[in-house]
Amino acid sequence: MKHPIHKKLPKYEIGIVKKCIDGDVKPEEVYGIVDKKVEDVMGFLDNNKKNLIKNISTLRVVLTVSIVSNGLIYIDATTDRWDSDISENTISKIEFSKIKFPFVSGSVNLHGETYLFASEENRLLIVAADAEELLNSDDNGGIIFASIGNGSEHATVEELIDSSIERGEINESSKSRIYSLISIFMFIAMYDGDDRYVKKKKIKSGKLSRNESVTGLKRDDIHVINVKQGFSYEKSNSLNGNSASSKSWIVRGHWRNQHYKDGARLKWIKPFWKGVGKEVINKVYKV
């Protein structure tokens, strides 16, 4: 196994990352170097697309440096679906500054796409490892790059995501991915230490070529975080719901505000079967 930063980054970005790690390039100098590289290699593109690629490349370099500095975190969240209208509605109303992020930086595999991320200074930075491919996709439901945060102290997640949309970083169809990522981070923070839901292991990377390694080492340790909601998708004989129903379906895991005597608190609701009928409905969700 290789960490995404060893597989996805263009060679010129790896070179810049190495110089940042060695202290030869400061963070504020990255954009200028990327600007020159993109102009040299992609000068034939229109200015709008070149500027977008420059922003993507700069962010990817900055996040990669953070990932290397803070340990090669790789979150595998592919076992379950994390998109839920109920979760989105719940998370949208949370003040962003109150969300606890489990890692400073890392990468996450969600819906078959890999994202690099960093959470620092009350801000969440995200960039797709394959951002250029998403740019050329006709049906883009993924996140190209986004900077969420730096709003007022009491700004909600919804307000900050809408600001990112206004800046053109993500589109409306990408919102569910942002909410899914935040849901995963919240889930890890809640269940960290419980191997049933958040299982951690450290493995050696596959052998790296000189062009792949961003640290100069032939192998790097990868901290793999397997996230599972702990639900069996095999249909049970004892299902919840209206006994009059002739159908059954899965309600996806989601967050909701649970009311207690001392006030409301966030609670994770595990996936569950609903209905008691023999006919199983496979609900279609927009992702």
Discussion item. Against the condition in contact (Cβ under 8 Å) with a residue 40 or more places away in the chain, in a loop (DSSP other than H, G, I, E, B) and either touching a Leu at 6+ places or on another chain (Cβ under 6 Å) or not basic (Lys, Arg) (or both), how does Leu52 come out, does it pass?
Written reply: no
Item to complete: Name every residue in the stretch 91-113 that is surrounded by fewer than 21 Cβ atoms within 10 Å (Cβ to Cβ) and β-branched (Val, Ile, Thr), in order of residue number.
Response: Ile94, Ile99, Val104
Worksheet item: Which residues, counting only those in the stretch 212-228, are farther than 12 Å from Asp76 by Cα and in a loop (DSSP other than H, G, I, E, B)?
Response: Glu212, Ser213, Val214, Thr215, Gly216, Leu217, Lys218, Arg219, Asp220
Practice prompt. Within the stretch 15-44, work out how many residues are closer than 15 Å to Ser66 by Cβ and touching a residue at least 24 places away in the same chain (Cβ under 8 Å).
Written response: 7
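Across the stretch 154-181, what is the number of residues that are within 26 Å of Leu52 (Cβ to Cβ) and in contact with a Phe, Trp or Tyr (Cβ under 9 Å, 6 or more places away or on another chain)? Explain how you work it out, then say what you get.
Taking the stretch 154-181 and keeping what is within 26 Å of Leu52 (Cβ to Cβ), we get 155, 157-181.
With in contact with a Phe, Trp or Tyr (Cβ under 9 Å, 6 or more places away or on another chain) added as a condition, the list becomes 155, 157, 159-161, 169-170, 176-177, 179-181.
Here the count works out to 12.
Restricting attention to the stretch 177-196, which residues are assigned to a helix (DSSP H, G or I) and farther than 16 Å from Lys93 by Cβ? It would help to see each step written out before you state the result.
Initially, the stretch 177-196 is screened for residues assigned to a helix (DSSP H, G or I), giving 177-191.
Once the filter is applied, which keeps residues that are assigned to a helix (DSSP H, G or I) and farther than 16 Å from Lys93 by Cβ, the stretch 177-196 yields Arg177, Ser180, Leu181, Ile184, Phe185, Phe187, Ile188, Ala189, Met190, Tyr191.
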Discussion item. Testing Leu217 on (1) surrounded by fewer than 17 Cβ atoms within 10 Å (Cβ to Cβ); (2) more than 30 Å from Gly23 (Cα to Cα), one condition comes back false. Which one is that?
Written reply: (2)
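Looking at the stretch 190-211, is at least one residue at pLDDT below 80 and either farther than 22 Å from Ile73 by Cβ or crowded, with 19+ Cβ neighbours inside 10 Å (or both)?
Step one: filter the stretch 190-211 for residues at pLDDT below 80, giving 210-211.
If we keep only those that are either farther than 22 Å from Ile73 by Cβ or crowded, with 19+ Cβ neighbours inside 10 Å (or both) too, we end up with 210-211.
So far as the stretch 190-211 goes, yes, one or more of its residues are at pLDDT below 80 and either farther than 22 Å from Ile73 by Cβ or crowded, with 19+ Cβ neighbours inside 10 Å (or both).
Go through Asp130, Asp138 for me and flag whichever is at pLDDT below 85 and within 20 Å of Pro4 (Cβ to Cβ).
Values: Asp138 fails: within 20 Å of Pro4 (Cβ to Cβ).
Result: Asp130 is the single residue among Asp130, Asp138 that is at pLDDT below 85 and within 20 Å of Pro4 (Cβ to Cβ).
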Practice prompt. Of all residues in the stretch 98-124, count the ones that are modelled with pLDDT under 90 and of a type in the set (Gly, Ala, Ser).
Written response: 1
Practice prompt. May I ask you to list the residues in the stretch 162-181 that are touching a strand residue (DSSP E or B) at 6+ places or on another chain (Cβ under 9 Å) and closer than 17 Å to Lys100 by Cα?
Written response: Ile178, Ser180, Leu181
Worksheet entry | Close pairs (8 angstrom Cβ cut-off, 6 or more residues apart or separate chains): within 25 Å of Ala264 (Cα to Cα) in the stretch 73-92, of a type in the set (Asp, Glu) and surrounded by fewer than 19 Cβ atoms within 10 Å (Cβ to Cβ) anywhere | Ser92/Glu158
Item to complete: Report, ordered by the first and then the second residue, all pairs with beta carbons closer than 9 Å, sequence separation of six or more or different chains, a first member in the stretch 222-233 that is more than 14 Å from Asp192 (Cβ to Cβ) and modelled with pLDDT under 80, and a second member that is of a type outside the set (D, E, K, R) and in a strand (DSSP E or B).
Response: Phe231/Ile250; Phe231/Phe272; Tyr233/Ile250
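The values are calculated or read from the model by the stated rules, or taken from the named source; none is laboratory data. Since the structure is predicted, the reported quantities are computational estimates derived from the model, not experimental observations. Note: ideal-geometry Cβ built from the backbone for every residue, glycine included; neighbour counts use all protein chains shown.
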